[in-house]
Amino acid sequence: MTATVLDEKASRDSGFLGTVTFKVADILDISSGGQEMATKNLEKSDSSGKAVTGFIRIKFSTWDLDLAIRPSESFSPQVNPLEIRASNVGPESSALLALPPGWERRVTRTGNAYFVNHISRTTTWQDPRLQLGDEVRTPAESLRGGWEQRQSSLGDTFFVNHTTRETTWTDPRSLNRIGQEFLEFMISKTNSEHGPLVDGWKMGVTAEGFAIYYANTEANTTTWMDPRIISSKSENGSERANRATQIKRDLRLRIEFFRSLPSMRKVSGNCQITMSASFLFDEGYDQIVRLSREDLRKNLLVSFHGEEEPDPVKNLRRFFEMMAKAVFDPSYGLFQNLPDNESGFQINPDSGVNPEHLNYFSFVGRLVGLAIFHKCPLNVLLNNSLYKSILGRKIDLRDLEEVEPVKYSFFQRLLTDDVRNMSFDETFSVEVETFGQFEVVELKPNGRNIAVNDDNKKEYCSLYCEWRLIRRIDGQVRAFKQGLFEILPEDTFALFNTNLLEFIIGGQKKLEKLLDVDFLVLSKSPEGLKKLKQVLHFVFVNTPKKPK
């Protein structure tokens, strides 16, 4: 690829500033996909003899299907085909009046018809309407109940969870594999610490969240408590102390297993990052976007301009702390503070004022993934619905509270009181203001003409939450997840609930500090019980009530 730089204000003869040539094969492996940033210097003098200095930077990337056509975590992947006129269809396919989304039919100079796929930027002589259709369903007997494997017209395989009505690109069977490996890991580790379970007991793991439970096959009962800890004689001997001991052990082993996953293993070698602390955001963006996934998973050696003897370990933590402070600064327009928590952040729905905002959200996702990979907490708190989006969990009304507390309180009253007694005159639509411009968004088809009443108020609250927490920021969340999953695969996060993920992203050291204390000592004092309650809270919130 050759790029020529011209001065548009100069004449044609004197406007030439320089040319740079990139060999794409040396920059990007097209077969593997991804993106790379290439930079070359301009070293050409113009006709006046004045040296032209600077550089040209070009981003090479394969076309990203994630942001173009892939289904979201909460919506059906079905897409209505684009209607085309009958006159645009050749006689060989006059009965087919619709092309799949993103396709266009063209004719060569010799009159031969061919087809352009604008999504993958390819052309073909094969009419896509003569293939297997928009969607091919593939039976998958090995999938567990409620799951179905499907294939889009472009050949991408995705999976439908009919129980939660969600779609995902992650094969649930890979999650089963991780769950089985985690169970085997827990059996091995706990057996070495406490000895094997007595006859009649066995250890199991839930399909969602991989929570460990214990089944008594003789009594046909299940429990979260390890019978070996219950039967062991501790100094205190109380149920509370036994529970604290098990929580400390299970959290320690869960994190140990998490760090042992192949996706958490470093690549051999070093990756040097040098930047200026004065231009941290811009230079940090360029470095993290430019470097490949393999380079970023090496041992990062960060240095700042002007340092005589840089400390790589100290600078790495300093780098992530400073980058987090810059990235989540509301003045950049990507994030905004939570209403009742200035230390917490949510995605700014109006971030689209910057046309490059999706690239920046992908960069933020990469930054978060790197912080987890290199065990450097970002010391930031994100809203719970974003954690749920990362984990593929379903969002509910409670997630609205930290984003719109006033609206949440009103919905609580709306769901319990009679609509006729509240002077409530709303429809299934929302009026949104963006920089002085007002737009009416319908929560459902023809929503502006459907009044909210006692019969449909629950649906109204549910659709509002779906719009506010998912649809309104869908592009930003998908770009964030794309960058995050470039560093750490999606199935890496299957071990966590939202609270544990919050600690891994925002304060991994805080979690480790809690795990290092003596829980039995804590349970004996009011101050200790307060710290113990913190651990109990994030462990048991968002976990199944009882294993089946």
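The values are calculated or read from the model by the stated rules, or taken from the named source; none is laboratory data. This one's a predicted model, so the numbers in the text were calculated from it and none came from an experiment. Quick reminder, even Gly has a Cβ in these numbers, built from the backbone with ideal geometry, and neighbours come from all protein chains shown. Only protein heavy atoms, including side chains, enter the accessible area calculation; ligands, DNA and RNA are left aside. Shrake-Rupley method; radii C 1.70, N 1.55, O 1.52, S 1.80 Å.
Here is a check on your reading of the model: is SER409 modelled with pLDDT of 90 or more and surrounded by fewer than 16 Cβ atoms within 10 Å (Cβ to Cβ)?
Details: modelled with pLDDT of 90 or more: yes; surrounded by fewer than 16 Cβ atoms within 10 Å (Cβ to Cβ): yes.
Yes; evaluated as a whole, the condition is true for this residue.
Kindly list, by first and then second residue, each pair from a residue in segment 438-449 that is over 14 Å from ARG472 (Cα atoms) to a residue that is open to solvent by 60 Å² or more (accessible area, probe 1.4 Å) and in a strand (DSSP E or B), limited to pairs with Cβ atoms under 8 Å and residues at least 6 apart or on different chains.
The qualifying pairs are PHE438/GLU431; ARG448/VAL440.
I need the helices (runs of 4 or more DSSP H) fully contained in segment 227-334, keeping only those with at least 2 residues that are in contact (Cβ under 8 Å) with a residue 60 or more places away in the chain and open to solvent by less than 40 Å² (accessible area, probe 1.4 Å). First the steps, then the outcome.
Details: elements: 227-231, 239-260, 280-290, 293-296, 312-327.
By residue number, 239-260, 280-290.
Do you know which of the residues in segment 432-465 that are charged (D, E, K, R), open to solvent by 60 Å² or more (accessible area, probe 1.4 Å) and closer than 22 Å to ILE395 by Cβ is nearest to the chain's Cα centre (by Cα)?
Checking each candidate, the answer is GLU459.
This table checks each residue for (1) polar (S, T, N, Q); (2) at pLDDT 90 or above; (3) touching a Lys or Arg at 6+ places or on another chain (Cβ under 7 Å).
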{"site": "GLY365", "(1), (2), (3)": "no, yes, yes"}
{"site": "PHE373", "(1), (2), (3)": "no, yes, yes"}
{"site": "ARG393", "(1), (2), (3)": "no, no, no"}
{"site": "ASN421", "(1), (2), (3)": "yes, no, no"}
{"site": "GLN437", "(1), (2), (3)": "yes, no, no"}
{"site": "GLU442", "(1), (2), (3)": "no, yes, yes"}
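For residues that are out of contact with any Gly (no Cβ under 6 Å at 6 or more places or on another chain), under 24 Å from ALA494 (Cβ atoms) and among the hydrophobic types (A, V, I, L, M, F, W, C), tally how many sit in segment 181-207.
Selection size over segment 181-207: 7.
Going by the structure shown, is SER389 open to solvent by 50 Å² or more (accessible area, probe 1.4 Å) and either part of a helix (DSSP H, G or I) or among the small types (Gly, Ala, Ser) (or both)? Step through it out loud before you land on a result.
Values: open to solvent by 50 Å² or more (accessible area, probe 1.4 Å): no; either part of a helix (DSSP H, G or I) or among the small types (Gly, Ala, Ser) (or both): yes.
Here the answer is no, as SER389 does not meet what is asked.
Looking only at segment 335-357, count every residue that is in contact with a helix residue (DSSP H, G or I) (Cβ under 7 Å, 6 or more places away or on another chain), assigned to a strand (DSSP E or B) and open to solvent by 50 Å² or more (accessible area, probe 1.4 Å) and tell me the total.
Adding up the residues that qualify gives 2.
Please find, within segment 412-431, the residue that is farthest from ASN383 (Cα to Cα) out of those that are open to solvent by less than 50 Å² (accessible area, probe 1.4 Å) and assigned to a helix (DSSP H, G or I). Step through it out loud before you land on a result.
Restricting attention to segment 412-431, the residues satisfying the condition of being open to solvent by less than 50 Å² (accessible area, probe 1.4 Å) are 414, 418-419, 422, 424, 427-430.
Going one step further and asking which of them are assigned to a helix (DSSP H, G or I), we end up with 414, 419.
Numbers: LEU414: 24, VAL419: 30 Å.
Residue satisfying both the conditions and the ranking: VAL419.
Can you pull out the residues in segment 296-324 that are within 21 Å of the chain's Cα centre (by Cα) and under 25 Å from LYS59 (Cβ atoms)?
As a first pass, look at segment 296-324 and keep what is within 21 Å of the chain's Cα centre (by Cα): 296-297, 320-321, 323-324.
LEU296, ARG297, PHE320, MET323, ALA324, listed by residue number.
Is it the case, given these coordinates, that ILE487 is touching a strand residue (DSSP E or B) at 6+ places or on another chain (Cβ under 7 Å), over 30 Å from ALA241 (Cα atoms), surrounded by 21 or more Cβ atoms within 10 Å (Cβ to Cβ) and at pLDDT 85 or above?
Details: touching a strand residue (DSSP E or B) at 6+ places or on another chain (Cβ under 7 Å): no; over 30 Å from ALA241 (Cα atoms): yes; surrounded by 21 or more Cβ atoms within 10 Å (Cβ to Cβ): yes; at pLDDT 85 or above: yes.
No, not satisfied.
Of (1) within 29 Å of GLY392 (Cα to Cα); (2) out of contact with any Gly (no Cβ under 9 Å at 6 or more places or on another chain); (3) of a type in the set (Val, Ile, Thr), THR416 satisfies all except one. Which?
The failed condition is (1).
List every residue pair whose Cβ atoms lie under 8 Å apart, where the two residues are 6 or more positions apart in sequence or sit on different chains, the first residue falls within segment 8-27 and is under 21 Å from SER292 (Cα atoms) and open to solvent by less than 50 Å² (accessible area, probe 1.4 Å), and the second residue, located anywhere, is assigned to a loop (DSSP other than H, G, I, E, B) and at pLDDT 80 or above.
Filtered contacts from segment 8-27: PHE22/MET1; VAL24/MET1.
Sort out which residues of segment 141-187 are of a type in the set (Lys, Arg) and modelled with pLDDT under 75, and write them in order of number. Steps first, please.
Going through segment 141-187, the residues of a type in the set (Lys, Arg) turn out to be 144, 150, 165, 173, 177.
Correct list: ARG144, ARG165, ARG173.
Restricting attention to segment 469-480, does a residue exist that is open to solvent by less than 20 Å² (accessible area, probe 1.4 Å) and touching a Lys or Arg at 6+ places or on another chain (Cβ under 6 Å)? Don't jump to the end; show me each part of the working.
Going residue by residue through segment 469-480, those that are open to solvent by less than 20 Å² (accessible area, probe 1.4 Å) are 469, 473, 476-477, 479-480.
With touching a Lys or Arg at 6+ places or on another chain (Cβ under 6 Å) added as a condition, the list becomes none.
Taking every residue of segment 469-480 in turn, none turns out to be open to solvent by less than 20 Å² (accessible area, probe 1.4 Å) and touching a Lys or Arg at 6+ places or on another chain (Cβ under 6 Å).
Working carefully through the options ASN379, ASN384, find the one that is of a type in the set (S, T, N, Q) and modelled with pLDDT under 90. Walk me through it before giving the result.
Working: ASN384 fails: modelled with pLDDT under 90.
The unique qualifying residue is ASN379.
Only one of (1) modelled with pLDDT under 80; (2) in a loop (DSSP other than H, G, I, E, B); (3) crowded, with 18+ Cβ neighbours inside 10 Å is not met by PHE210, so which one is it?
PHE210 satisfies all of (1) modelled with pLDDT under 80; (2) in a loop (DSSP other than H, G, I, E, B); (3) crowded, with 18+ Cβ neighbours inside 10 Å except (1).
If we scan segment 358-381, do we find a residue that is within 14 Å of CYS465 (Cβ to Cβ), open to solvent by 10 Å² or more (accessible area, probe 1.4 Å) and part of a helix (DSSP H, G or I)?
no
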